[in-house]
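Novice: One structure follows; several queries about it will come next.
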Amino acid sequence: MATLETPSALAPRHPFSRRRWSWELLANLVARNLRVKYQRSALGFVWTLLNPLLTVGVLIAVFRYVVKLQVPHYWAFLISGYFVWSFTLQALTAATTVLPEHSHLARSLPLPSETLITATVLSRLAEFLAEMALVLVLLTVFHHQGVPASYLWLPVLVVLQVTLVLGLTLPIATLSAFFHDVQHALPIALMVLFYVSPVFYPASLVPEAARGWYQLNPFAGLLTAYQSALYEGRAPALGLLALTAAEALAIAGVGYAIFRRYRGLLPEIV
Amino acid sequence: MPSSAATVVSSPRSSERPAARSAMAEPAIVCRGVVKHYYYYEHRTTSLRELFRRRVLRRPLHVRQPRFALSGLDLQVGHGEGVVLLGRNGSGKSTVLRLLAGIYQPTAGEIEVRGRVGTVMELGAGFHPELTGTENVHLYAAMLGLGRREVAARYERILDFAGLGDFISMPVKYYSSGMQARLAFAVAICVDPDILLLDEVLAVGDQGFRERCMERLRRFREAGGTLVAVSHDPEGIEKLCGRAVWLQAGQVRMEGPTAEVAAAYAASAHGEGREGG
């Protein structure tokens, strides 16, 4: 065509290769998700914060005054890890619906499903980062009264967290396209995961004998690392961090393999 | 059910073409023996409880029959050619477009497509009702594969073609369906594809807009663009597509100059209509 502006367009290309990764599309989808969520709501981000803040408030009340966990500055401990958990919860829950929501689209355009799935995780990540900014302000002002060097670990932990959650999101989205059970099973699995992960209690309270097993849960390692860096103001234990990173990579690898095996079918079946 | 995927053998890509031949000399689209089957399920296991029960009882997980949407399609479209696909509902026309666009994978056979492909399967499928026209233009263009700078370069042209005036800054949900179609078509055509896949989308919109689309498509064709269209109304598209391919039950029943094929198709459809009535 005469007005062609991209010479590479004439290169031979198999149609499948066109369903390729696109950062441009990813950025647009993330912007869309955030815009749709916040554009027409006057309180916007406050709504997003309200749910976790209420939960945090209830947990603080219960574990300071009723159960009386022996954790000094319990509020600071709780907010160091809670938002990591709520990010995980919301990203994994959204994974079960993202493909059906876009089924119309997936049949009319060669959209890569991985871009759609990643976009849901990343738009949630944007909210998480905003929440984290608030957490950092609170901890800096009221807990540490200063900026501990351990905050520098935060980018590493965020990358680890995204790897782990994406690694779970891809197969969950894929399998929920095949089995409706995933939608029913996921809330139960997440409820169990909430209790076996150190969200509202520190991993140090787990009996010594069981801690080895306990720490095999990658979320245990991740949350403990967040709590070290933010609440304690200390660098995370490197051994546990390495284990968690290895697990996150393994989960991402297996998750991507599952997704890759069935992705060709996804536009047809959702 | 995952195990069903194992039966789908996708075609390996064929890159072993003689390098000496220039890209332009080769056809834009080649389909060789393309088979696509969907399964028609009498029973489909969609829950884990059933999966478990059927494993224990050694029952088959799925009772299904492949339904061939395409059974051995051979098709060649040269650069700058216009082809219209004719056929009754379910004859495989849309499947051909989806395979060419890379939305579906073929069960067997080879597909080669050379050039940037623009796909207009359903107008406005990528639009989000809450976003404004402008925001949707950017989103839809990204879905069609354009980069930010490419969109910026085309933005004025898109607005110009859509002709929506002030509506462009309103959420798309306030648009009439004709207006949505105009905006979507404007984006799709301004992608400047080498190959345009068009699935019966010009039925929407008012007379004036349809004429502008036809005019735009005519210019696209004159500039050497390749067009593969699906239509139930061959007369409207005859000027754009010199060749027609009549699909029946997933195979080419007749192929040739549009007027001839369309006449035969019309006669057959008419005859079947009478038999049925």
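The values are calculated or read from the model by the stated rules, or taken from the named source; none is laboratory data. None of the values given here were measured: they were computed from a predicted structure. So basically every Cβ, Gly included, is an ideal-geometry build from the backbone, and we count neighbours across all protein chains shown. The protein model used for the area step is the full one, side chains on, heavy atoms only, and it has no ligands, DNA or RNA in it. Shrake-Rupley method; radii C 1.70, N 1.55, O 1.52, S 1.80 Å.
Novice: Scan (1) closer than 30 Å to B:GLN105 by Cβ; (2) touching a residue at least 60 places away in the same chain (Cβ under 8 Å) for the single condition A:SER150 breaks and write down its number.
Specialist: Single failed check for A:SER150: (1).
Novice: Right, something else. Can you confirm whether the stretch A:18-35 contains a residue that is of a type in the set (A, V, I, L, M, F, W, C), more than 14 Å from every other protein chain (Cβ to nearest Cβ) and within 21 Å of the chain's Cα centre (by Cα)?
Specialist: Looking through the stretch A:18-35, none of the residues is of a type in the set (A, V, I, L, M, F, W, C), more than 14 Å from every other protein chain (Cβ to nearest Cβ) and within 21 Å of the chain's Cα centre (by Cα).
Novice: Any idea which of (1) more than 14 Å from chain B (Cβ to nearest Cβ); (2) in contact with a helix residue (DSSP H, G or I) (Cβ under 9 Å, 6 or more places away or on another chain); (3) under 30 Å from A:TYR231 (Cα atoms); (4) open to solvent by less than 50 Å² (accessible area, probe 1.4 Å) is the one A:HIS73 doesn't satisfy?
Specialist: In the conditions (1) more than 14 Å from chain B (Cβ to nearest Cβ); (2) in contact with a helix residue (DSSP H, G or I) (Cβ under 9 Å, 6 or more places away or on another chain); (3) under 30 Å from A:TYR231 (Cα atoms); (4) open to solvent by less than 50 Å² (accessible area, probe 1.4 Å), A:HIS73 misses (4) alone.
Novice: Could you tell me which of the residues A:ALA106, A:ALA126 is within 14 Å of chain B (Cβ to nearest Cβ), small (Gly, Ala, Ser) and either part of a helix (DSSP H, G or I) or surrounded by 14 or more Cβ atoms within 10 Å (Cβ to Cβ) (or both)?
Specialist: So the residue among A:ALA106, A:ALA126 that is within 14 Å of chain B (Cβ to nearest Cβ), small (Gly, Ala, Ser) and either part of a helix (DSSP H, G or I) or surrounded by 14 or more Cβ atoms within 10 Å (Cβ to Cβ) (or both) is A:ALA106.
Novice: Can you tell me how many residues in the stretch B:164-185 are open to solvent by less than 40 Å² (accessible area, probe 1.4 Å) and in contact (Cβ under 8 Å) with a residue 40 or more places away in the chain?
Specialist: Residues meeting the conditions: 7.
Novice: Now a separate question. Tell me which of these A:LEU111 doesn't satisfy, since it passes every other one: (1) over 20 Å from A:ILE269 (Cβ atoms); (2) touching a residue at least 40 places away in the same chain (Cβ under 8 Å); (3) not in a helix (DSSP H, G or I).
Specialist: With respect to (1) over 20 Å from A:ILE269 (Cβ atoms); (2) touching a residue at least 40 places away in the same chain (Cβ under 8 Å); (3) not in a helix (DSSP H, G or I), A:LEU111 is out only on (1).
Novice: Filter the stretch B:113-133 down to the residues that are of a type outside the set (Val, Ile, Thr) and more than 7 Å from every other protein chain (Cβ to nearest Cβ), then identify the one that is farthest from B:GLY224 (Cα to Cα).
Specialist: B:PRO129
Novice: Which members of the stretch A:58-70 meet the condition of being open to solvent by less than 50 Å² (accessible area, probe 1.4 Å) and either over 22 Å from the mean Cα position of the chain (by Cα) or of a type in the set (Ser, Thr, Tyr) (or both)?
Specialist: Result: A:ILE60, A:ALA61, A:PHE63, A:LEU69.
Novice: When you check A:THR140 against the structure, is it open to solvent by less than 40 Å² (accessible area, probe 1.4 Å), of a type in the set (Val, Ile, Thr) and either part of a helix (DSSP H, G or I) or more than 11 Å from chain B (Cβ to nearest Cβ) (or both), yes or no?
Specialist: The answer is yes for A:THR140.
Novice: Any idea which of A:LEU78, A:LEU50 is buried (at least 17 other Cβ atoms within 10 Å of the Cβ) and either of a type in the set (A, V, I, L, M, F, W, C) or at pLDDT below 95 (or both)?
Specialist: Answer to the check: A:LEU78.
Residues checked against (1) touching a Lys or Arg at 6+ places or on another chain (Cβ under 8 Å); (2) of a type in the set (S, T, N, Q); (3) over 26 Å from B:ARG88 (Cβ atoms):
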position: B:ILE158; (1), (2), (3): no, no, yes
position: B:ALA162; (1), (2), (3): yes, no, yes
position: B:VAL187; (1), (2), (3): no, no, yes
position: B:GLU215; (1), (2), (3): no, no, yes
position: B:VAL228; (1), (2), (3): no, no, no
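Novice: State which residue is most open to solvent (accessible area, probe 1.4 Å) when the search covers only the stretch B:87-137 and only residues that are over 30 Å from B:ALA264 (Cα atoms) and of a type in the set (Lys, Arg).
Specialist: B:ARG116
Novice: Still on this structure, please answer the following. Can you say whether A:ALA203 is closer than 21 Å to A:PHE83 by Cβ and open to solvent by less than 20 Å² (accessible area, probe 1.4 Å), as far as the supplied structure shows?
Specialist: yes
Novice: May I ask you to say which residue of A:VAL159, A:VAL165, A:VAL135 is more than 14 Å from every other protein chain (Cβ to nearest Cβ), in contact with a Ser or Thr (Cβ under 6 Å, 6 or more places away or on another chain), at negative phi and not aromatic (Phe, Trp, Tyr)?
Specialist: A:VAL165
Novice: B:GLY82 is checked against (1) within 12 Å of chain A (Cβ to nearest Cβ); (2) crowded, with 23+ Cβ neighbours inside 10 Å and fails just one. What number does that condition carry?
Specialist: (1)
Novice: Give A:ALA173, A:ALA189, A:ALA252 a once-over and let me know the one that is under 24 Å from A:VAL121 (Cβ atoms), in a helix (DSSP H, G or I), within 14 Å of chain B (Cβ to nearest Cβ) and open to solvent by 20 Å² or more (accessible area, probe 1.4 Å).
Specialist: Being under 24 Å from A:VAL121 (Cβ atoms), in a helix (DSSP H, G or I), within 14 Å of chain B (Cβ to nearest Cβ) and open to solvent by 20 Å² or more (accessible area, probe 1.4 Å) holds for just one of A:ALA173, A:ALA189, A:ALA252, which is A:ALA189.
Novice: Look at B:ARG149 and say whether it is part of a helix (DSSP H, G or I), modelled with pLDDT of 85 or more, surrounded by fewer than 16 Cβ atoms within 10 Å (Cβ to Cβ) and within 14 Å of another protein chain (Cβ to nearest Cβ).
Specialist: Yes: the conditions hold for B:ARG149.
Novice: To continue, here is another question. Farther than 20 Å from A:PHE83 by Cβ and either part of a helix (DSSP H, G or I) or open to solvent by 30 Å² or more (accessible area, probe 1.4 Å) (or both): is that true of A:ALA225 in this structure?
Specialist: When the stated conditions are applied, A:ALA225 does not pass them.
Novice: Conditions: (1) in contact with a Leu (Cβ under 7 Å, 6 or more places away or on another chain); (2) closer than 24 Å to A:TRP21 by Cα. A:LEU190 meets all but one. Number of the miss?
Specialist: (2)
Novice: Go through (1) closer than 19 Å to A:TYR256 by Cα; (2) at pLDDT 95 or above; (3) surrounded by fewer than 21 Cβ atoms within 10 Å (Cβ to Cβ); (4) of a type in the set (A, V, I, L, M) one by one and return the number of the condition A:LEU116 breaks.
Specialist: Failing condition for A:LEU116: (2).
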